[in-house]
Each structure stands twice: as C-alpha cells, then as structure tokens.
Amino acid sequence: MSKVDRRITKSQEAIKKAVIELMSEKSFDDITIQDIADRANVNRGTIYLHYLDKFDLLDKIIDEHINELRVMCESAVEMDLDFVDSNVEWFEYFESNYSFFSTLLASSKASYFRSRFLELLIEEIKNDIDTTKVINRELNEEVLLQFIVTSFVGIVEWWITKGMPCPPRVIAVQLGILLDGIFNNNLSTFPKEIK
C-alpha cells in the first residue's frame, strides 16, 4: 500500500471514528460536517472528497458493517459451522465494534440500521427454512422467517443496549439452541396444529 493510500485510509478511519463519537454525544441531526472535520482533525474538503454529506458517510459506515456480517455468513456456510459457532463470530464482532453499534442503536438512525440488518438476515436465512421439517407443518414460511429474523435482531439490540450483560459465547449458545430447535425439528413444545 502506498503512502498516499495509507494517508487516505487513515483520514477515512478518523472521519468514521469522529462521527461515531459525535453520535454518542448528540443527535445525528445536530452534527455538522464542520463538527466531524474538527473531531477528525481534517478539513471539510477531505470529508467531501470521500462522502457526499454526513448521511452518505453514515450509510457507508453501516454498509461496511453489513458487508462484514455478510462475509461472515458466507464463511460460516463454507466452513459448515453450526448456529452456535456462527453466532459466536457475530457476537464477537458486535463486541469488538460495541461503540458503533451501541451508539447507532441509541440514535434516531437505528431504524435504518435495523432494516438493513433485517434484510441481511432474511437474505441469509430464507433458503434454510424448510417447513416440512418442522413439527407443525401448518407454519407459513414467511411467518416463520419473520419470527426468526425479528427475534434475532431484537436479541442483538437488547444485548447491545444493555451493555452486553453476558459474554458473546453465552448469548451465541442461547441463540444457537433456539435456532437449532427451529431448523432441526426440535420444537417439541410447539402445538401440533395451528387453528
């Protein structure tokens, strides 16, 4: 990597870090490009060189995290990881990027991230659902898919906003047991028929 490329990367990282720090201090709507520039110790032109505006900057940060989670999903499939091991990787990622996720989930932009996260989960899980394997074959695939992804996102939000009350492995094991029960026909507590 050339010296210029390193400088660009360093500036972009400083800009991203600055916006996350500022979001923990005040509303995203109240943050200005000048605030970001001052915090990142760059000039406004440097920000505009890489981003259209603060919304584009936040979108790109969210995209990076969503893409990283997508790569982890693909890797988990390639390595044939079970739900627990793949969840551990995700929760360790959430833990290592706690300041971003906790700040974002506490901001007015949480709904945008939530919808992107839901889209990712739907995309990754929809092909794994086989209602013929579930004890209750009356379940609609779309209902089951929505139940799984909204529950998963809700648990992630709870875990992050509560300050990670248990280690990543513990929450991953808990979710892995639940997902295994859904996907591997271990839903013995479900009724046989839905009326």
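Quick notes on this one:
- In summary, Gly45 fulfils each of the numbered conditions (1) open to solvent by 70 Å² or more (accessible area, probe 1.4 Å); (2) over 26 Å from Pro168 (Cα atoms) with the single exception of condition (1).
- Residue among Val84, Val77, Val71, Val88 that is of a type outside the set (S, T, N, Q) and touching a Lys or Arg at 6+ places or on another chain (Cβ under 6 Å): Val88
- Failed criterion for Pro191 (all others in (1) modelled with pLDDT of 90 or more; (2) open to solvent by 40 Å² or more (accessible area, probe 1.4 Å); (3) on the phi < 0 side of the Ramachandran plot hold): (1)
- Pairs, first over 23 Å from Arg116 (Cα atoms) in segment 157-184, second modelled with pLDDT of 90 or more and surrounded by 13 or more Cβ atoms within 10 Å (Cβ to Cβ), C-beta under 6 Å, six or more apart: Arg169/Val88
- Test: Leu22 is surrounded by 15 or more Cβ atoms within 10 Å (Cβ to Cβ), in contact with a Phe, Trp or Tyr (Cβ under 9 Å, 6 or more places away or on another chain) and in contact (Cβ under 8 Å) with a residue 40 or more places away in the chain: no
- Those helices (runs of 4 or more DSSP H) of segment 48-154 in which 1 or more residues are free of Cβ contacts under 8 Å to residues at least 60 places away in the same chain, open to solvent by 30 Å² or more (accessible area, probe 1.4 Å) and hydrophobic (A, V, I, L, M, F, W, C) occupy 54-78, 110-125.
The values are calculated or read from the model by the stated rules, or taken from the named source; none is laboratory data. Owing to the predicted nature of the structure, the values given are computational and were not obtained by experimental measurement. Using ideal geometry, Cβ is built from the backbone for each residue, glycine included, and neighbour counts are taken over all protein chains shown. Note: areas computed on protein heavy atoms with side chains; ligands, DNA, RNA excluded. Shrake-Rupley method; radii C 1.70, N 1.55, O 1.52, S 1.80 Å.
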